[in-house]
1. Quick one: which of Ile40, Ile32 is surrounded by 10 or more Cβ atoms within 10 Å (Cβ to Cβ) and in contact with a helix residue (DSSP H, G or I) (Cβ under 8 Å, 6 or more places away or on another chain)?
2. For the stretch 1-29, which positions are of a type in the set (D, E, K, R) and either within 13 Å of the chain's Cα centre (by Cα) or open to solvent by 100 Å² or more (accessible area, probe 1.4 Å) (or both)?
Amino acid sequence: MENEKHEFHIALEKDVFDKLETIKEYHGIKNITEIIRFLITKEHREIKKSE
């Protein structure tokens, strides 16, 4: 299903969380969920280019 959703919860070390915040601010992304989507999409595009 296209709109099927899965939820996950993770704990991050403070330094990793701070890095996420920096990336979020740099790209003007509103929240952590959106930054995760952005990073996954970006990485996925890179993988597809290399195939």
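1. Ile32
2. Hits for the stretch 1-29 are Glu2, Glu4, Lys5, Glu7, Glu13, Lys14, Lys19, Glu21, Lys24, Glu25.
The values are calculated or read from the model by the stated rules, or taken from the named source; none is laboratory data. Everything quoted here is computed from the prediction, not taken from an experiment. Cβ sites come from the backbone with ideal geometry, for glycine too, and all protein chains shown count toward neighbours. Accessible surface areas use protein heavy atoms only, side chains included; no ligands, DNA or RNA. Shrake-Rupley method; radii C 1.70, N 1.55, O 1.52, S 1.80 Å.
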